[in-house]
Every structure is written in structure tokens, then in C-alpha cells.
Amino acid sequence: MSDDIFSQLFNLFNSDDENVNWKLAEQINNHINKESQTDYLLSNQDLNYQEIFRVIQLSEESQGDLKDSPKEISMLDSKDYGLWFLNSIKHFDFSNLQMIDTNTLGLAGNQSSLIGMQLGNIAGFLSKNTWGLSHFGIILPKNDKLAINKKNFDLRVEQFEIDDKEATMALILLEFVALSLGKYSAPFSYVVEQMRKSNEELLNQIKDIEPNFDATNFSNPEELMQNIPQLNNFDMESILDVIFAPLSFYRSVIKFLAKNILNIIDESVIDLVMDLGLVSNQGPTSDFELKISKYDDASDGFIKFLNNSSNQLSLLEIISDQHLIPSLDELNDPISWAARTSLPPI
């Protein structure tokens, strides 16, 4: 039986008909969520979610700021949420996504499977550990159906000492905005570009280092740090900062737009439910949450600067152009961003 499973995985890994091996990605997501169970909802709960969604939808339609917003809402278990996530990112052009030189590693023929593995792990990680897209400021999925990761969503609502309906409305509103922004590919392209630059920087630093062990025969990644002392001098966190900073900025964009759609929710409630510092568990996401949240003040401050200055660009215009998205340094110094984008700083 196990031989048959490995044979199926081998066949999946070597299926390279597309830019992404989506079947492999789905199998990895399903494996990560293999213990998930369908959360059967009572009819009155369904009605409550539908009513809240309809209020948000009508409020957004009256303003018309967001185009291609979702048309319906659905509550899913974690496995189905992961599959929904994968299906919702297929609109993105992954043909040029190559984080490493696979030719030098002899993996060029399996590029689509490598991307499929990465996306499958991301989908599984998010669906198992987070309540939705706004959690990490993910702007990429595009779908007419707004999916709610039900179990984790309910756990998030229960963390606050406020009315459950108010917290539920705020979180659904944030998810509504995040999904509506999925038509913009620039935010994800920007993160990918920063990751590529970070990878190149790291490879440039280690390419001339001679390891004092057989690099082809080690099983624990920690051996890399232990056996190449020079790596201990690398500031790995600063390399990853170029990823966490834009995610924090996207979260601030989502918060700002949400506050301008539904005025029946107090702005402080939106800030509260988006506060990553209030996540009670110390699970797999806690490290990411801490790293992203340390840029929240700078991200909120950047948007405040935009509102107070005589700029010519809206937030939607900024996230629609990869070159207009602020860098880490520009989040801390918005005037430098204004100078780069030829906008008046005051």
C-alpha cells in the first residue's frame, strides 16, 4: 500500500504540463489537513453570516471603490479552505516564478512541481493555522465566493471580550476587502521580487564559503549553521524583513479600506481584531505574527502620511503598481517614497 502511495506521489511530482503542478499542491494541502473535520453549521448561523455578508456587500456597492468584489459567502473546513485558496490563486501568472536556479541543481524539469510543493505547503499552513487572508495581509486570491475558514474564524472571534456579532462583522469585512483586492497582482509580485533579491544576496554571501562537512550527506538543516561558522554572522532577520514589511503594509491597506466601507462598525473594533499581538496561541504562526506586527506602526503611519499630504495617488493605485509599493526603508521614511514617486511630500 505504501509503495503505491509513493508511486502516486512520484507520478505527481513528474507531471509538468503546467507552470504549476496544481494536483501536487492539492495533495500536499489535503495531507496537512488530513485530520480536519467538516464543521456542520446550524441554519440560523448560516443565515447570520449571509445577512452580515449582504450588509457589507450593499455598503461597498454604494461606494463603488472596490471592483470585482465577492458575490457570495461560504463557510468551509480547513481542508476545503486550502483547496479554495489554491483555486483562487490560479489567475496569477506563475510562468516566471523561479526563486532559485534549478538548472544548476538538476531540477529544471521539475520547476512546476517545486512551485506546486511550495504553494501546497502555503495553502496547508494557512488553512490549518489562520482564520483568513487578512491575517497575514495576503493580497492574491481572486474568487466570486468569499470563503471563511470556519473553525479558526470562530476561535478568533472568541478571543475578544466584545459582542460576537460585532467581531464577526469586522472580520468578514476585512476578508471581503482582502479578497476584493485579489485582482491586483502587484502586491504578490513585489513580495516575490523581494524574496528573489534576498535569495541572491544570501547566495552571494555563501557561494565562496568552504564547508567543513559533506554537504551531500546531512539530514538536519541545523548542521548547516553548526558546520559553517561564517553563517552565524549573517543577519537572517534583515533578509526576511523585506518580506514581512510589505505584508504589514498590505494589512494596513486592508484595515484602512475596511474602515471606509462600513461605518456602523467602530474603527477601534477593526484595529482590535487585526491586532496580531492579541493572538493567544503560541503555535506555528506566532513567529510570523511577531515579525509582521513590528512594522504595523510604520505601515499605519505611512497611510496617515498619504492622507495628510497632497499626494496624487490613492491606495488602490499604489498597490496596482509594483514600483509604487513602498520599501521597508520608505515605510519608515514616507518622504523618501514621495520623492521617488515624484509626489509632493507635503
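The values are calculated or read from the model by the stated rules, or taken from the named source; none is laboratory data. Nothing here was measured: the structure is a model prediction, and the numbers come from that model. Reconstructed Cβ throughout: ideal geometry from the backbone, glycine too, with neighbour counts over all protein chains shown.
Numbers for the structure displayed
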| item | result |
| --- | --- |
| Residue match in region 138-147 (condition: crowded, with 22+ Cβ neighbours inside 10 Å, at pLDDT 90 or above and farther than 30 Å from residue 197 by Cα) | yes |
| Scope region 129-151; condition more than 14 Å from the chain's Cα centre (by Cα) and in a helix (DSSP H, G or I); matching residues | 150, 151 |
| Residue 111, sole failed condition from (1) modelled with pLDDT of 90 or more; (2) assigned to a helix (DSSP H, G or I) | (1) |
| Which listed residue is in contact (Cβ under 8 Å) with a residue 40 or more places away in the chain and over 19 Å from residue 285 (Cβ atoms), from 144, 164 | 144 |
| Criterion (within 17 Å of the chain's Cα centre (by Cα), without any contact (Cβ under 8 Å) to a residue 60 or more places away in the chain and either surrounded by 13 or more Cβ atoms within 10 Å (Cβ to Cβ) or farther than 13 Å from residue 251 by Cα (or both)) met by exactly one of 291, 304 | 291 |
| Flag for residue 167 being under 14 Å from residue 137 (Cβ atoms), of a type in the set (Gly, Ala, Ser) and in contact with a Phe, Trp or Tyr (Cβ under 9 Å, 6 or more places away or on another chain) | no |
| Residues (part of a helix (DSSP H, G or I) and within 19 Å of residue 134 (Cβ to Cβ)) located in region 64-79 | 78 |
| Hits in region 114-128 (condition: surrounded by 20 or more Cβ atoms within 10 Å (Cβ to Cβ), modelled with pLDDT of 90 or more and over 12 Å from the mean Cα position of the chain (by Cα)) | 120, 124, 128 |
| Qualifying residue in region 160-181 (condition: of a type in the set (A, V, I, L, M, F, W, C) and modelled with pLDDT under 90) | yes |
| Which numbered condition residue 296 fails, given (1) more than 17 Å from the chain's Cα centre (by Cα); (2) touching a residue at least 40 places away in the same chain (Cβ under 8 Å); (3) within 18 Å of residue 132 (Cβ to Cβ) | (1) |
